[in-house]
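For reference, the structure is listed below as structure tokens.
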Amino acid sequence: MYQAIVFDVDGTILDTEKAVLHSLQSVLAEEGHSYTQEELRFALGIPGEKAIQHLNIQNEEEILAKWMEREVQMASEVRLFDGIEAVLAQIPESGVVTSKNNYEMEKGFYPFGIGGHFNAIVCASDTMNHKPHPDPLLKAMEILARNPQEVLYIGDSPYDMACAHSAGADFGLALWGAKSEKGFEKAEHVFRQPSEILAHVAIQNE
């Protein structure tokens with residue numbers, strides 16, 4: 001049993017894939033860069049700045065700003081994964097470690113009204129190093145006052161798994177976001193639906 005469950009956001013709590021890829025693809029197209037959404041999938045799970053740097057294009061800051069704004073405009077394409085809020089309500093101690101920055105959290109996470117479920121929230125603006133580096137998860141553990149053996153980090157990307165293992169914590173694959181187990185052979189747990197997480201949570205008796 002784990003004392004604290006820490007979640008990624010995109011692809012784990014929120015189904016943001018369509019909005020993230022569609023917004024990036026459309027902004028790049030306006031700048032004369034043609035990419036398929038499949039070619040842009042690498043951008044899922046890392047900070048926007050890192051994704052833009054990876055593309056090696058000019059006007060990085062301008063394109064990043066446009067991408068963030070376009071993603072906000074596509075908020076109607078984002079939803080909570082089925083069953084996730086009911087699970088969050090039953091976990092006594094939980095946190096968030098995400099590659100979203102403060103602006104993206106304000107526009108694309110807090111409006112869903114689920115922030116109150118978490119005892120620690122660490123976004124890309126809170127640490128110098130980002131996933132797959134362990135620092136974001138280590139910061140969440142520090143806030144929660146938990147050691148790595150007490151924590152399960154749940155996410156949908158290889159960056160999430162690398163972050164968990166680098167921090168000394170176990171990793172749970174959110175298969176509803178990842179879609180496939182390929183590349184996640186080292187995950188300690190594979191969850192096909194959010195309700196399965198509760199079997200691994202230490203529920204505190206009143």
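Values as computed for the structure displayed
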| read-out | value |
| --- | --- |
| Pairs from Lys100/Lys182; Lys107/Lys186; Lys66/Lys182 whose Cα-Cα separation, in the structure shown, is over 28 Å | Lys107/Lys186; Lys66/Lys182 |
| Amide H within-cut-off set for Asn119, under 5 Å, with H built and near neighbours excluded | Ser94, Gly95 |
| Theoretical ellipticity at 222 nm over the chain - DSSP helices of four or more residues, -39500 (n - 2.57) apiece, nearest 500 | -9500 deg cm²/dmol |
| Net +/- balance of residues flanking Glu62 in space, Cβ distance below 13 Å, scoring K and R +1, D and E -1 | -4 |
| For Ile121, net neighbour charge (Lys/Arg +1, Asp/Glu -1) across residues whose Cβ lies under 11 Å away | +1 |
| For the chain, share of DSSP beta bridges that run antiparallel, in % to the nearest 5 | 10 |
| Environment charge at Asp135 (Cβ cut-off 12 Å; Lys +1, Arg +1, Asp -1, Glu -1) | 0 |
| Whole-Hz couplings from phi, Karplus 6.51/-1.76/1.60, listed for the range 165-176; x for Gly and Pro | 5, 5, 8, x, 9, 7, 10, x, 7, 7, 5, 5 |
| Given (1) 66, 49, 41; (2) 57, 44, 39; (3) 58, 31, 31, the label whose value is Cα extents along the principal axes in Å derived from this model | (3) |
| Gain in span if fully extended, Ala199 to Ala65, counting 0.36 nm per residue against the direct Cα distance | 44.1 nm |
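Since every read-out is calculated from the coordinates, none of them should be taken as a lab result. If you're wondering where the values come from, they're calculated on a predicted model, not measured in any experiment. Backbone-built Cβ (ideal geometry, glycine too); neighbour counts: all protein chains shown.
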